[in-house]
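*Asks:* Structure incoming, see below.
The values are calculated or read from the model by the stated rules, or taken from the named source; none is laboratory data. The model shown is predicted, which means the values in this text are computed figures rather than measured ones. Counting neighbours? That spans all protein chains shown, and the Cβs are built from the backbone with ideal geometry, glycine included.
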Amino acid sequence: MTNLKKGLVRNLLFFSNFLTEKIEEVLKDFNITHSEYLILRYILDFQGSTQYEIAKKLHISTQRCNQIAKLLFEKNLILKKETLKGKLIKKELTITEDGINLLNKIAKELFISFQKENIPNDDLIILNLTLQKLNSFIQTKR
């Protein structure tokens with residue numbers, strides 16, 4: 001493996017662990033798990049997605065997605081709407097006002113948490129642009 005690949009893998013793993021720790025630290029205060037947060041964010045961005053679609057996009061089992069959706073529904077963070085598509089009944093998920101408010105509060109706290117790390121704004125801008133490019137690249141490959 002070349003030095004570039006080794007460095008990239010090492011840096012991705014380190015940054016991934018850093019992000020996960022920061023996110024989970026903030027989420028504890030809101031009584032929400034990382035998995036619940038990811039699914040709630042996805043529903044915000046893709047209103048009306050089915051549990052199957054969410055599971056496929058987030059690479060989790062449909063059973064696990066159903067369990068998490070049930071928890072989010074019980075917390076009044078999402079709504080489930082059954083629709084008939086062909087011969088199948090599909091459950092479309094939408095986010096509630098409570099869910100939107102929670103995500104806004106979490107986003108604010110996450111930003112504050114990252115600011116405490118004293119990462120220069122220019123570096124955050126570069127990181128954000130790089131992540132946007134990578135996400136676009138990944139989405140076109142799926």
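*Asks:* Given the conditions (1) surrounded by 14 or more Cβ atoms within 10 Å (Cβ to Cβ); (2) of a type outside the set (Ser, Thr, Tyr); (3) modelled with pLDDT of 95 or more; (4) over 24 Å from LEU19 (Cα atoms), which single one is not true for GLU92?
*Replies:* (3)
*Asks:* If LYS90 meets every condition in (1) touching a Ser or Thr at 6+ places or on another chain (Cβ under 6 Å); (2) outside any strand (DSSP E or B) apart from one, which number is that one?
*Replies:* Against the list (1) touching a Ser or Thr at 6+ places or on another chain (Cβ under 6 Å); (2) outside any strand (DSSP E or B), LYS90 comes up short only on (2).
*Asks:* Here is a follow-up. Specify the residue that is nearest to LYS75 (Cα to Cα); the eligible residues are those in the range 95-142 that are of a type in the set (Phe, Trp, Tyr) and surrounded by 10 or more Cβ atoms within 10 Å (Cβ to Cβ).
*Replies:* PHE111
Quick grid of which residues meet (1) surrounded by 12 or more Cβ atoms within 10 Å (Cβ to Cβ); (2) part of a helix (DSSP H, G or I); (3) touching a strand residue (DSSP E or B) at 6+ places or on another chain (Cβ under 8 Å):
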| position | (1), (2), (3) |
| --- | --- |
| LEU19 | yes, yes, no |
| VAL26 | yes, yes, no |
| ASN31 | no, no, no |
| TYR37 | yes, yes, no |
| ARG41 | yes, yes, no |
| GLN63 | no, yes, no |
| ASN66 | yes, yes, no |
| LEU79 | yes, no, yes |
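*Asks:* Turning to a different aspect of this structure: Looking only at the range 72-89, count every residue that is more than 16 Å from the chain's Cα centre (by Cα), under 13 Å from ILE39 (Cβ atoms) and either modelled with pLDDT under 95 or not aromatic (Phe, Trp, Tyr) (or both) and tell me the total.
*Replies:* 2
*Asks:* Which residues, taken from the range 73-114, are touching a helix residue (DSSP H, G or I) at 6+ places or on another chain (Cβ under 8 Å), among the charged types (D, E, K, R) and touching a residue at least 60 places away in the same chain (Cβ under 8 Å)?
*Replies:* Within the range 73-114, just GLU109 meets the criteria.
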